[in-house]
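All remarks here apply to the structure that follows.
The values are calculated or read from the model by the stated rules, or taken from the named source; none is laboratory data. On a predicted model such as this, the values are computed, not experimentally measured, just so you know. Cβ placement follows ideal geometry from the backbone for every residue including glycine, while neighbour counts extend to all protein chains displayed. Keep in mind that these areas ignore ligands, DNA and RNA; they rest on the heavy atoms of the full protein, side chains included. Shrake-Rupley method; radii C 1.70, N 1.55, O 1.52, S 1.80 Å.
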Amino acid sequence: MLILSNTTIISLTFLLTGIPGLEAFHTWISVPFCFLYAIAISGNSMILFIIITNQSLHEPMYYLLSMLSTTDMCLSLSTLPTTLGVLCLNIQEIGWNACLSQMFFIHFLTVMESSVLLAMAFDRYIAICNPLRYANILTPTRIIQIGLIIVGRGALIMIPLLVLLKRLSFCRDNILSHSYCYHPDMIKCSCSNIRVNSIYGLFALLSTSGLDAPLIGISYVLIIHSVLKIASSEERYKTFSTCISHIGAVAIFYIPLIGLSAVHRWGKKAPPFVHTMMSNAFLLLPPVLNPVIYSVKTKQIRRAIIKVFLQKGYRS
């Protein structure tokens with residue numbers, strides 16, 4: 001088997017995979033994928049437009065929501081070219097640099113999304129458990145600082161991942177199990193010892209999503225404890241209902257992520273379509289469902305969207 005050294009790695013290509021066993025139906029399968037991508041991009045663009053153009057939504061909660069929508073939209077755009085290329089045009093080859101870039105953005109944006117969800121949990125904790133200090137703690141300057149920390153955290157996690165990946169040598173049969181480049185998938189194609197890469201990949205997962213998820217859980221334990229102290233059941237429901245959208249966003253992000261990570265690390269005997277289903281759920285569910293959840297469950301967002309459509313209908 002021919003091994004490519006680091007001097008020739010720039011000419012290396014990987015082969016992306018669509019849906020195993022259903023290659024003959026890829027064109028038809030691409031239709032719902034196009035529909036889902038359209039919902040993800042248009043839905044998150046709408047949320048961003050509503051927040052930017054409505055002065056009443058210029059608050060910490062909605063600034064964080066705009067970060068979440070931006071991250072979701074970029075995540076969709078990072079996988080759209082290769083996924084639809086494989087399904088619509090049967091373009092399976094992807095060069096080393098393109099694959100490395102896509103892998104970077106997918107993981108970078110995943111870390112960002114996890115960090116934004118943690119920041120949103122902190123926002124809900126302050127709003128419910130310490131409402132009198134909310135405006136003093138989450139100032140516009142503090143929100144900017146949180147945004148910079150989120151971006152910096154993603155970069156610090158990803159730079160060592162890139163360095164470790166570039167030191168590997170690869171073989172000719174570089175067939176990936178997804179329609180995009182994913183780190184655990186890429187290192188399996190290497191002819192080098194990938195122990196360090198695998199360990200750092202696990203460390204990166206545990207130090208981001210593995211840390212954020214328990215912290216989000218702790219914040220909701222404190223929130224529930226605070227809500228239960230409210231005498232009126234109606235007030236308890238009204239207070240906790242402000243968290244429903246965020247809880248939904250957390251669930252649709254972490255459940256597919258945990259499933260995909262588990263399949264990659266311990267599901268070697270799982271059928272190929274399991275990997276495909278988990279990977280697509282992980283990358284498509286949050287961008288598609290988050291705008292829907294926040295549009296339906298957040299009164300201010302819903303009213304602003306209705307207002308925009310009514311104004312357009314009136315002008316036409």
- Item | Loop-located trypsin sites (Lys or Arg not before Pro) in the range 145-233 whose Cβ has at most 14 other Cβ within 10 Å (DSSP) | Arg167, Arg172, Lys229
- Query: Leaving out ligands, DNA and RNA, what percent of the accessible area of the chain is carbon and sulfur, probe 1.4 Å?
  - Reply: 70 percent
- Message: Give me the extension gain from Leu15 to Leu211: residue separation times 0.36 nm, minus the current Cα-Cα distance, reported in nm with one decimal.
- Response: 67.2 nm
- So what does Met278 come to for accessible area, using a 1.4 Å probe and Å² rounded to 10? 50 Å²
- Mean Kyte-Doolittle of at least 0.0 and a Cα length of 15 Å or more along the axis: which whole DSSP H helices of the chain meet both? 26-53, 60-89, 96-129, 140-166, 195-207, 209-227, 244-266, 272-297
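Averaged per residue, what accessible surface does the chain expose to a 1.4 Å probe, in Å²? Mind showing how you got there, number by number?
Working: 16090 Å² over 316 residues.
With all protein chains present, the chain gives 51 Å² per residue.
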- Taking a crude spin-label model, label points 7 Å out from Cα along the C-beta direction, the Ser192 to Ile255 distance in nm is 3.9 nm
- Task: For Ile218 and Gln311, calculate 0.36 nm times their separation in residues minus their Cα-Cα distance, and state this gained length in nm to one decimal.
- Result: 29.2 nm
- Message: Using a 7 Å offset from the Cα along the Cα-to-Cβ direction at both Ser232 and Gln300, what is the distance between the two label points in nm, to one decimal?
- Response: 2.1 nm
- Message: Testing the spin-label approximation: label points 7 Å from Cα along Cα→Cβ at Asn97 and Trp28. State their distance in nm.
- Response: 4.0 nm
